[in-house]
Amino acid sequence: MSFNIALSGLQATTQDLNTISNNIANSSTVGFRSGRSEFSAIYNGGQAGGVNVMSTSQNFSMGGSLVYTGRQLDMGIQGDGFFVLNSQDGNTMYARAGMFNQDADGFVTDPAGNRLQGYSVSGAGNLQTGNVTDLQIQAGALPAKATSTIGLISNLDARVDNIDPVASPFDPDDAATYHSSSTVAAYDSLGNEHALTQYYVKTADNTWSVHYMMDDVDVTPAGGHQLTFDSDGMLTGGDSLTLNINDPAIIGGASALNLALGYDKSTQYASDYNNSSLSQNGYTSGELNGIRLDESGMLYGTYTNGQEQLQGQVVLADFNNPNGLIPVSNNAWTATNAAGQPIVGAPTTGTLGSVASGYLEGSNVDTTAEMVSLMTAQRNYQSNAKVLDANSTMQQALLNAI
């Protein structure tokens with residue numbers, strides 16, 4: 001009986017050594033989760049029968065440290081969750097290792113070629129949260145967008161003298177015929193940039209006329225445009241205007257420009273003219289030159305024209321029992337019934353953690369603790385081997401006595 005007990009101890013300790021050596025070997029493996037051998041005593045009808053390894057559990061309670069890499073598609077998870085991967089044979093796998101790149105077709109893949117899963121984007125640029133699919137970064141140029149709105153918040157100097165528009169008609173080349181001006185860029189449908197300049201003329205107390213020039217062509221609407229203010233300097237009239245520009249000398253072969261100008265929150269105080277806000281929503285075409293990922297998993301393409309375009313959103317999955325996951329090669333796990341159904345969602349929602357761009361999560365192996373466990377396993381192995389040696393010596397002594 002003692003022989004079998006010692007033999008079971010050797011077998012169990014060998015499995016423990018396998019677990020410890022695997023932990024130590026993967027101490028630098030990105031996203032690795034350390035394992036622990038869990039022993040169980042064996043009894044047969046109340047008689048001691050030795051020991052076996054009941055299970056090898058994985059440590060999902062403690063995360064690895066995040067290491068900065070600076071690479072655009074490296075991702076580290078802060079908190080709970082797993083990246084969802086679609087393998088080349090169509091199986092779904094889960095990983096904490098966020099080493100991703102683009103393949104030749106723009107799909108986001110890990111080093112083994114498994115494709116990262118996420119929410120796709122419709123042709124109109126809207127996120128489709130019900131559609132989990134392979135994430136792909138569109139490498140094509142971002143088309144130009146014609147300017148449709150222009151917003152200005154300015155202060156017009158209430159201290160200036162009025163200008164009689166009859167005695168001194170507006171002339172953009174004569175600074176004596178206007179008080180102040182500002183210029184904003186506007187883009188047509190072909191991406192050509194046009195300079196729209198507004199000239200402000202105070203024609204009466206609390207009343208200003210605005211003249212518009214685009215590319216040195218007068219585009220002021222018939223009847224002109226006026227801004228009126230109350231006695232407290234707040235804008236009371238003329239807060240919006242639409243300029244319809246279809247002069248071929250300006251737009252060439254592009255579509256007509258329809259610019260909605262807004263002057264809301266502009267003021268007339270006794271201080272120098274200034275622009276506190278100047279904005280427009282158009283841009284020229286641009287080429288993809290980078291990728292940006294935020295903590296909620298939103299993946300953006302960045303373009304040479306300074307714009308960004310949403311490409312998709314990374315999703316994460318979580319399980320009621322992560323220890324039910326089976327580890328497989330290439331830093332991944334596969335799901336089993338013991339793990340439960342995957343709970344898939346966007347990062348930072350529910351119990352799911354956030355995604356850190358430019359970081360990788362290291363292994364959670366404590367090398368010092370593993371070395372101590374290694375010495376303990378070695379002692380256990382030697383002790384069980386000593387029992388076998390003593391048992392063999394006793395049997396030999398018995399045979400010699402017969």
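The values are calculated or read from the model by the stated rules, or taken from the named source; none is laboratory data. Since the structure is predicted, the reported quantities are computational estimates derived from the model, not experimental observations. Note: ideal-geometry Cβ built from the backbone for every residue, glycine included; neighbour counts use all protein chains shown. The area values use the complete protein model at the heavy-atom level, side chains included, leaving out ligands, DNA and RNA. Shrake-Rupley method; radii C 1.70, N 1.55, O 1.52, S 1.80 Å.
Collect the residues in segment 192-251 that are touching a residue at least 40 places away in the same chain (Cβ under 8 Å), outside any strand (DSSP E or B) and under 22 Å from Asp161 (Cβ atoms), keeping them in residue-number order.
Scanning segment 192-251 gives Asp205, Asn206, Gly233.
Among what's in segment 330-344 and is of a type in the set (Val, Ile, Thr) and more than 16 Å from Gln58 (Cβ to Cβ), pick the residue that is most open to solvent (accessible area, probe 1.4 Å).
Looking at residues that are of a type in the set (Val, Ile, Thr) and more than 16 Å from Gln58 (Cβ to Cβ), I get Ile343.
For segment 219-239, what are the residues that are closer than 29 Å to Ser189 by Cα and out of contact with any Phe, Trp or Tyr (no Cβ under 7 Å at 6 or more places or on another chain)?
Residues satisfying the conditions are Pro221, Ala222, Gly223, Gly224, His225.
If you check Gly45 against the conditions, is it open to solvent by less than 50 Å² (accessible area, probe 1.4 Å) and either in contact (Cβ under 8 Å) with a residue 40 or more places away in the chain or more than 29 Å from Tyr359 (Cβ to Cβ) (or both)?
Criteria not met by Gly45.
Residue-wise test of (1) among the β-branched types (Val, Ile, Thr); (2) open to solvent by 80 Å² or more (accessible area, probe 1.4 Å); (3) in contact with a strand residue (DSSP E or B) (Cβ under 7 Å, 6 or more places away or on another chain).
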| position | (1), (2), (3) |
| --- | --- |
| Thr242 | yes, no, yes |
| Ile250 | yes, no, yes |
| Ser255 | no, no, no |
| Gln268 | no, no, yes |
| Ser276 | no, yes, yes |
| Asn281 | no, no, yes |
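If we only count strands (runs of 3 or more DSSP E) wholly inside segment 255-316, which ones have 3 or more residues that are under 30 Å from Leu156 (Cβ atoms)?
Because the criterion is at least 3 residues that are under 30 Å from Leu156 (Cβ atoms), the strands (runs of 3 or more DSSP E) in segment 255-316 that meet it are 257-262, 274-280.
For segment 379-393, state whether one or more residues are in a loop (DSSP other than H, G, I, E, B), over 24 Å from Gly70 (Cβ atoms) and of a type outside the set (Val, Ile, Thr).
Checking segment 379-393: not a single residue is in a loop (DSSP other than H, G, I, E, B), over 24 Å from Gly70 (Cβ atoms) and of a type outside the set (Val, Ile, Thr).
Which residue out of Tyr199, Tyr178, Tyr119, Tyr187 is within 30 Å of Tyr94 (Cβ to Cβ) and among the aromatic types (Phe, Trp, Tyr)?
Tyr119
Return yes when Leu374 is closer than 27 Å to Ser61 by Cβ, assigned to a helix (DSSP H, G or I), touching a residue at least 24 places away in the same chain (Cβ under 8 Å) and of a type outside the set (Ser, Thr, Tyr) and no when it is not.
yes
Need pairs with beta-carbon distance below 6 Å; first residue open to solvent by 70 Å² or more (accessible area, probe 1.4 Å) and within segment 145-162, second among the charged types (D, E, K, R); sequence gap 6+ or separate chains.
Sorted first by the residue in segment 145-162, then by its partner, the pairs are Asn162/Lys202.
Rundown of residues vs (1) at positive phi; (2) more than 25 Å from the chain's Cα centre (by Cα); (3) open to solvent by less than 80 Å² (accessible area, probe 1.4 Å), yes/no style:
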{"site": "Gly49", "(1), (2), (3)": "no, yes, yes"}
{"site": "Phe60", "(1), (2), (3)": "no, no, yes"}
{"site": "Gln72", "(1), (2), (3)": "no, no, no"}
{"site": "Phe83", "(1), (2), (3)": "no, no, yes"}
{"site": "Thr92", "(1), (2), (3)": "no, no, yes"}
{"site": "Val108", "(1), (2), (3)": "no, no, yes"}
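Which pairs do you get when a residue that is more than 14 Å from Phe32 (Cα to Cα) and hydrophobic (A, V, I, L, M, F, W, C), found in segment 328-341, comes within reach of a residue that is open to solvent by less than 40 Å² (accessible area, probe 1.4 Å) and not in a loop (DSSP other than H, G, I, E, B), reach meaning Cβ atoms under 8 angstrom, with the pair 6+ apart or on two chains?
Final answer for the pair search is Ala335/Tyr94; Ala335/Gly324; Ala338/Gly324; Ala339/Pro322; Ala339/Gly324.
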